[in-house]
Amino acid sequence: MSGLLRTIANRAAPVLRGHTITQRANLYAGPAKEKIGPVETIIGLSLFSLAILGPSGWILAHLEDYKNKE
């Protein structure tokens, strides 16, 4: 049943949207042109981890301040 609904939705969606231009990304698969060194890898992973874990760590570190706020 879900396959039938998916087919109907895929065929009806362009009609309901009208004449819009669909954008498609140009993706190319292949080996990297330049090798990334271990220092660059460590810096990239560190910044990525900080961006993900930093805000949640801040909230957990200041949880008591948020609870006591009047």
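How many residues, within segment 28-45, are of a type outside the set (Asp, Glu) and in a helix (DSSP H, G or I)?
Step one: list which residues in segment 28-45 are of a type outside the set (Asp, Glu), which gives 28-33, 35-39, 41-45.
Filter once more, so that each one left must be in a helix (DSSP H, G or I): 38-39, 41-45.
So the answer is 7.
Out of segment 9-56, which residues are among the β-branched types (Val, Ile, Thr) and modelled with pLDDT under 85? Let's see the steps before the verdict.
We begin by selecting, within segment 9-56, every residue among the β-branched types (Val, Ile, Thr); these are 15, 20-22, 36, 39, 41-43, 52.
Of everything in segment 9-56, those that are among the β-branched types (Val, Ile, Thr) and modelled with pLDDT under 85 turn out to be Val15, Thr20, Ile21, Thr22.
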Please go through segment 46-70 and pick out each residue that is exposed (fewer than 10 other Cβ atoms within 10 Å of the Cβ) and not in a helix (DSSP H, G or I).
Lys69, Glu70
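The values are calculated or read from the model by the stated rules, or taken from the named source; none is laboratory data. Worth saying up front: this structure is predicted, and the values here are computed from it rather than measured. Using ideal geometry, Cβ is built from the backbone for each residue, glycine included, and neighbour counts are taken over all protein chains shown.
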